[in-house]
1. Does residue A:40 qualify as being more than 14 Å from every other protein chain (Cβ to nearest Cβ) and either in a helix (DSSP H, G or I) or out of contact with any helix residue (DSSP H, G or I) (no Cβ under 7 Å at 6 or more places or on another chain) (or both)?
2. Using beta carbons and a limit of 7 Å, which pairs, at least six apart or on different chains, have the first residue in region A:440-451 and in contact (Cβ under 8 Å) with a residue 60 or more places away in the chain and facing chain B (nearest Cβ under 8 Å) and the second one outside any helix (DSSP H, G or I) and surrounded by 14 or more Cβ atoms within 10 Å (Cβ to Cβ)?
3. Filtering region B:123-142 down to residues that are within 8 Å of chain A (Cβ to nearest Cβ) and free of Cβ contacts under 8 Å to residues at least 40 places away in the same chain, which residue is nearest to residue B:218 (Cα to Cα)?
4. If you take the residues of region A:137-157 that are more than 12 Å from chain B (Cβ to nearest Cβ) and surrounded by 15 or more Cβ atoms within 10 Å (Cβ to Cβ), which of them is farthest from residue B:124 (Cα to Cα)?
5. Is it the case, given these coordinates, that residue B:80 is surrounded by 20 or more Cβ atoms within 10 Å (Cβ to Cβ) and either more than 8 Å from chain A (Cβ to nearest Cβ) or under 26 Å from residue B:216 (Cα atoms) (or both)?
6. Output the residues belonging to region B:86-102 that are within 14 Å of chain A (Cβ to nearest Cβ), in contact (Cβ under 8 Å) with a residue 40 or more places away in the chain and in contact with a strand residue (DSSP E or B) (Cβ under 8 Å, 6 or more places away or on another chain).
7. Given the options A:25, A:64, name the one that is more than 30 Å from residue A:138 (Cβ to Cβ) and within 14 Å of chain B (Cβ to nearest Cβ).
8. Among the numbered conditions (1) surrounded by fewer than 20 Cβ atoms within 10 Å (Cβ to Cβ); (2) at pLDDT 90 or above; (3) out of contact with any helix residue (DSSP H, G or I) (no Cβ under 8 Å at 6 or more places or on another chain); (4) over 29 Å from residue A:252 (Cβ atoms), tell me where residue A:332 comes up short.
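The values are calculated or read from the model by the stated rules, or taken from the named source; none is laboratory data. Since this is a predicted model, take the numbers as computed values, not measurements. Don't worry about glycine lacking a Cβ; one is built from the backbone with ideal geometry, like all the others, and counts go over all protein chains shown.
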């Protein structure tokens, strides 16, 4: 041992002492050290990708062009005003090469076409990750404080939502997610403030519970609270995971808290007792009234059939009390002023028929095993505490319980929440999207004391809601204001006067939109007064017959009186006119036969309108557009003319193509269409 | 319990599933449903992909092993499975992160260990194809799609000259992108086709027209192959 050491020392001594040997050794070390930096650079990950790229393109037909475009070294997009320093193109070399669109091998694929230029926005604004990094690991997967990993492709639409706050063509998932946040009442507990200062608003208004004891039983409330999805698979009410005793106490409180409403007691007991003469009459009336346009019911095959505007009615007989049902159908707004249900003018006999039909829609199993003891004072008091703890009043109006402010955490910037502030469950992927979707899917798994209820959402809906939440980023607030595309401001238009009251009771705006306010199920009526003829409108309101035979959602018959339909017609004809032309600038009749004939030829040959419309029902078959057999008795000539010239200008979003007609052609077609007055096969005669 | 369920839901199913023990074998795989779906990149397809294993008499075989494979990035749940009592194997599919056509292959082995398989296609729509799909749903599909649904009745049967389905690659792959743009913009007569195809050039903008073409190219069957760069001959 000792000798070895001395040997080593002596050789070291020899080297140090001999200046020539020393020089040689130091030079060798220096040379070696000098090679480290270039070697490290040469072997760096991104150079490897650039070499691979050059090999990859050399056998392609477009190799010459691609090689000419290729620039070695670190490539960087620098946009100071957006705080973007992105070096992604260093490895993603072909990202701007359109001819590499079909390449499947990353990182050489061209970026698929989007409406923005990469050089204007960079990469991380949409994809997240660390733009300045030059290794895959740091750029894509960093989860260090203040850094964020790359966004999984399935949430990429969230990035569009940082600037675009209006529904966007091409981002169905983001649009759906935003709709869910509003429809499922998320925004009732969580405040979501958008960069323009507006807050997201709920679009679904759960019923007030003021007179709930008139409407249903304590047993039903109990069973509903325990599992809303068991009553209706489309329920928007979430499951609060209540224990049996808590559900019992809340139901006790709600019943005790409810005040009786005299109107709910009124019914015609004599009539309702007699069973209807025709057992199918109730179902027929349900069909004729187009209840299914808004309400769904389960058919025999177990499929839900009908709209989603109103609650599902499959088991409504289990839920509502007969007297309440009659009072509700007679005047829905009396019980719930915010309801979207129209007031049909049903006769007592019709009301009884429908009520009997609906009361038969029951699911006895739903409340069969619910046996509740009469509630004690303590239970009722505890029920009230629970109602406050669970934030029921965030969505429902409950007497004596004020609507809580900021009940859930503010989510305005939840899409940028740092991972260090999140508590993940063991085994869970450490990423914000995984956390958000996990919270929506199983909120109580993150802590038994959490108040967030479990919503009945499919995995696609959870993904959509997560996408919408991920769009709420810090960056959306810090981006220059001129990049923000605000959502269309919400219109609060309500028609005025006597007609306004009528339209409010008929809830026209549940389906129709007027001046930017209302539903999308039925045509926009903002310019209806310019469009239709007075006599047609008046008779249509009294007895709506469909213009589109293939539609399953149709305008119901509201049984209006003559006076009511006159008031409505007067108002619509006067108030809803387009400023772009004068309604009566063209005559309704008196077009020359030659002009009509020319229009007929244009209709059938040049423009082939019969592929979508029907003028002569014996020959024409198209039924994409409305039937035109009596269009001359329905529409105004000036409307037809201007509509033909530019359909989208008068009905935004209509699928009728703008055929860029000359005035002469539009004139001839108008003459032809105005000659279609319906009745004795006039079209055929032409 | 909940936490466990959640974790199971979050984790991606791994390919290292325990080996299945097939109890039977067939000779052919046929498609039951779930192919040619349009999804977004990285998302789960709305319908599962279903196959059936048949024996040489065409009867469904229960207990045959079916394995499904696809390009990198596609996640299957499960990746292999034994056929159920109806002889069917069902796979949930999550597409990969890049847009385009995905070819997935279901394979099984016959009694002699000889493999047989069936390849089907699914489509991941990027932004442009998604816009094209939406334009198609709004304007084109009324006539070009033969299938009627409750909410949307097809106009196909009413047309004297029948339009082609957009998935008909034999027709559309031969039409150049500029010709397609011309038909969409100026209507059928612009290139001597039917006047029943109206012009959409004043209804759609250029980006939407290009998007429809991108959508047609995506769903084309047989698949569309881009012509690539064409150079003048010497």
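1. Against the criterion (more than 14 Å from every other protein chain (Cβ to nearest Cβ) and either in a helix (DSSP H, G or I) or out of contact with any helix residue (DSSP H, G or I) (no Cβ under 7 Å at 6 or more places or on another chain) (or both)), residue A:40 qualifies.
2. From residues that are in contact (Cβ under 8 Å) with a residue 60 or more places away in the chain and facing chain B (nearest Cβ under 8 Å), the pairs are A:444/A:241; A:444/A:454.
3. Looking at the filtered set, the residue picked out is B:127.
4. First, pick out the residues of region A:137-157 that are more than 12 Å from chain B (Cβ to nearest Cβ): A:137-139, A:141-149.
Among the residues that remain, those that are also surrounded by 15 or more Cβ atoms within 10 Å (Cβ to Cβ) are: A:138-139, A:141-142, A:147-149.
Numbers: A:138: 28, A:139: 25, A:141: 24, A:142: 27, A:147: 29, A:148: 26, A:149: 23 Å.
Selected residue: A:147.
5. yes
6. Across region B:86-102, the qualifying residues are B:92, B:93, B:94, B:95, B:96, B:98, B:99, B:100, B:101.
7. Testing whether each residue is more than 30 Å from residue A:138 (Cβ to Cβ) and within 14 Å of chain B (Cβ to nearest Cβ) leaves just A:64.
8. Single failed check for residue A:332: (4).
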